[in-house]
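Colleague: Let me give you the structure first, and then I'll get to my questions.
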Amino acid sequence: MAMSSSVFDPREPESLTAENCSGSRQFKILNYSKSAESHIFILCGHEWTFRYYPNGKRYFLDDYLAFELNLKSDAKVRPKITLTMLSQTGGTPFVRDSESGDGTDVSFNVSGVTFNAHQCVLVARSPVLKAQLLGPMKDKMDKSIIEIKDMEPSIFKSMLYFIYSDSVAELEEIDGNEDSAIVLAQHLLVAADRYNLERLKEVCEIVMYEFIDVDNVATALTLAEQHNCFELKAACIEFIKRPEVLAIVALTEGFEHMIKSCPQLLVELRSKNHGC
């Protein structure tokens, strides 16, 4: 779905102005025989949801699908929407070309696994990759293949897919696989910070925040501290600060790792909890 909108200044009429912007969002509709509503997403600086009605709405005749875009932000906008359907192979042509190698001009080796990509896509999405591929560092690199260290192939693959599609299916369709989604989010958060992928970093923070519990909160807090995730850090500290919760969290491996890697966090926790 592509959308452009004019955002109007709500001040006095004489100061009324309009700013045009555009953006796009891709949705996968599961259980397509049932109506469904997307999570809140942000386009043009405003919050929206997208609702799908497989059997139309009452003011339509039969044999119609209905799609509804709902503005959640408190603003006056005039959206213009273009709706397109992707093929069942899914994703953008760039994603499929990346997997097949067609038209790609850069390759990565991650622990023996090769990934092909399009340089133009990478430099547009990641300032770090732009510096590596086009900046002063490029002369020091092997132009045929780039070695990626300290990252699992599966994590790099998910990151690369996000660069192309702005989505990570495993984090959007969790469906009872919370533990694996949390672990993936933790690793992708590190990768996103490494390559300055702010949107991916935000997605990972949201997943980690939604599933905070006594078993993973110390790990989440450590990662939040190391990768400057201030809202996630605040949420973790708020969760842990009660004495009875801290006593349980202190028994986890994540807490032990936190003390070794970020000892200052223990000082912060104790300052929040005078009972320790």
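The values are calculated or read from the model by the stated rules, or taken from the named source; none is laboratory data. It should be emphasised that the depicted structure is a prediction, and the values quoted were computed from it without experimental measurement. Don't worry about glycine lacking a Cβ; one is built from the backbone with ideal geometry, like all the others, and counts go over all protein chains shown.
Colleague: Got at least one residue in the range 180-190 being of a type outside the set (Ser, Thr, Tyr), over 16 Å from the mean Cα position of the chain (by Cα) and under 20 Å from Cys262 (Cα atoms)?
Modeller: Here is the first cut: in the range 180-190, the ones of a type outside the set (Ser, Thr, Tyr) are 181-190.
Applying the additional criterion that residues be over 16 Å from the mean Cα position of the chain (by Cα) yields none.
No, there is no match, as no residue in the range 180-190 is of a type outside the set (Ser, Thr, Tyr), over 16 Å from the mean Cα position of the chain (by Cα) and under 20 Å from Cys262 (Cα atoms).
Colleague: Scanning the range 208-217 for residues that are hydrophobic (A, V, I, L, M, F, W, C) and surrounded by fewer than 23 Cβ atoms within 10 Å (Cβ to Cβ), which turns out modelled with the highest pLDDT?
Modeller: Going residue by residue through the range 208-217, those that are hydrophobic (A, V, I, L, M, F, W, C) are 208, 211-212, 214, 217.
Remaining after also requiring surrounded by fewer than 23 Cβ atoms within 10 Å (Cβ to Cβ): 211-212, 214.
Numbers: Phe211: 91, Ile212: 93, Val214: 96.
Ranking the qualifying residues of the range 208-217, first place goes to Val214.
Colleague: From the list Glu225, Glu253, Glu231, which one is among the acidic types (Asp, Glu), under 23 Å from the mean Cα position of the chain (by Cα) and exposed (fewer than 14 other Cβ atoms within 10 Å of the Cβ)?
Modeller: Details: Glu225 fails: exposed (fewer than 14 other Cβ atoms within 10 Å of the Cβ); Glu253 fails: under 23 Å from the mean Cα position of the chain (by Cα).
Exactly one of Glu225, Glu253, Glu231 is among the acidic types (Asp, Glu), under 23 Å from the mean Cα position of the chain (by Cα) and exposed (fewer than 14 other Cβ atoms within 10 Å of the Cβ), namely Glu231.
Colleague: Would you tally the residues in the range 200-221 being in a loop (DSSP other than H, G, I, E, B) and among the β-branched types (Val, Ile, Thr)?
Modeller: First pass over the range 200-221, keeping only residues in a loop (DSSP other than H, G, I, E, B): 211-216.
Adding the requirement that they be among the β-branched types (Val, Ile, Thr) leaves 212, 214.
Number satisfying all stated conditions: 2.
Colleague: Check off (1) at pLDDT below 75; (2) surrounded by 15 or more Cβ atoms within 10 Å (Cβ to Cβ); (3) assigned to a strand (DSSP E or B) for Asn116 and give me the number that stays unchecked.
Modeller: (1)
Colleague: Another one. Evaluate the following for Leu232: is it farther than 22 Å from Ser38 by Cβ and assigned to a helix (DSSP H, G or I)?
Modeller: On the way: farther than 22 Å from Ser38 by Cβ: yes; assigned to a helix (DSSP H, G or I): yes.
Judged against the criteria, Leu232 is a match.
Colleague: Would you check which residues across the range 184-197 are part of a helix (DSSP H, G or I) and either in contact with a strand residue (DSSP E or B) (Cβ under 8 Å, 6 or more places away or on another chain) or farther than 19 Å from Val113 by Cα (or both) and list them?
Modeller: First pass over the range 184-197, keeping only residues part of a helix (DSSP H, G or I): 184-194.
Ala185, Gln186, Leu189, Val190, Ala192, Asp193, Arg194 - these are the residues of the range 184-197 that are part of a helix (DSSP H, G or I) and either in contact with a strand residue (DSSP E or B) (Cβ under 8 Å, 6 or more places away or on another chain) or farther than 19 Å from Val113 by Cα (or both).
Colleague: Still on this structure, please answer the following. Do you know which residues across the range 258-275 are in a loop (DSSP other than H, G, I, E, B), surrounded by 14 or more Cβ atoms within 10 Å (Cβ to Cβ) and either without any contact (Cβ under 8 Å) to a residue 40 or more places away in the chain or not assigned by TED's automatic domain parsing to the domain that holds Glu238 (or both)? Can you show your working first?
Modeller: Here is the first cut: in the range 258-275, the ones in a loop (DSSP other than H, G, I, E, B) are 262-263, 273-275.
Then drop every residue that is not surrounded by 14 or more Cβ atoms within 10 Å (Cβ to Cβ), which leaves 262, 273.
Matches in the range 258-275: Asn273 only.
Colleague: Please specify each residue of the range 147-178 satisfying the condition of being assigned to a loop (DSSP other than H, G, I, E, B) and under 11 Å from the mean Cα position of the chain (by Cα).
Modeller: Hits for the range 147-178 are Asp166, Ser167, Val168.
Colleague: Based on this model, can you work out whether Arg242 counts as free of Cβ contacts under 8 Å to residues at least 24 places away in the same chain and over 19 Å from Ser158 (Cβ atoms)? Give the steps one after another, and end with the answer.
Modeller: Working: free of Cβ contacts under 8 Å to residues at least 24 places away in the same chain: no; over 19 Å from Ser158 (Cβ atoms): yes.
Spelling it out, it is not the case that Arg242 is free of Cβ contacts under 8 Å to residues at least 24 places away in the same chain and over 19 Å from Ser158 (Cβ atoms).
Colleague: Evaluate the range 250-257: report whether one residue or more is within 29 Å of Val123 (Cβ to Cβ), outside any helix (DSSP H, G or I) and among the hydroxyl-bearing types (Ser, Thr, Tyr).
Modeller: Filtering the range 250-257 down to residues within 29 Å of Val123 (Cβ to Cβ) leaves none.
Looking for residues that are within 29 Å of Val123 (Cβ to Cβ), outside any helix (DSSP H, G or I) and among the hydroxyl-bearing types (Ser, Thr, Tyr), one finds none in the range 250-257, hence no.
Colleague: Would you call Ala181 farther than 28 Å from Phe115 by Cα and part of a helix (DSSP H, G or I)? Please lay out each step first, then the result.
Modeller: Numbers: farther than 28 Å from Phe115 by Cα: no; part of a helix (DSSP H, G or I): yes.
Taking the combined requirement at face value, the residue does not satisfy it.
Colleague: Take Leu221 and decide whether it is in contact (Cβ under 8 Å) with a residue 24 or more places away in the chain and touching a Cys at 6+ places or on another chain (Cβ under 6 Å).
Modeller: Working: in contact (Cβ under 8 Å) with a residue 24 or more places away in the chain: yes; touching a Cys at 6+ places or on another chain (Cβ under 6 Å): yes.
Considered against the rule, which asks whether it is in contact (Cβ under 8 Å) with a residue 24 or more places away in the chain and touching a Cys at 6+ places or on another chain (Cβ under 6 Å), Leu221 comes out as yes.
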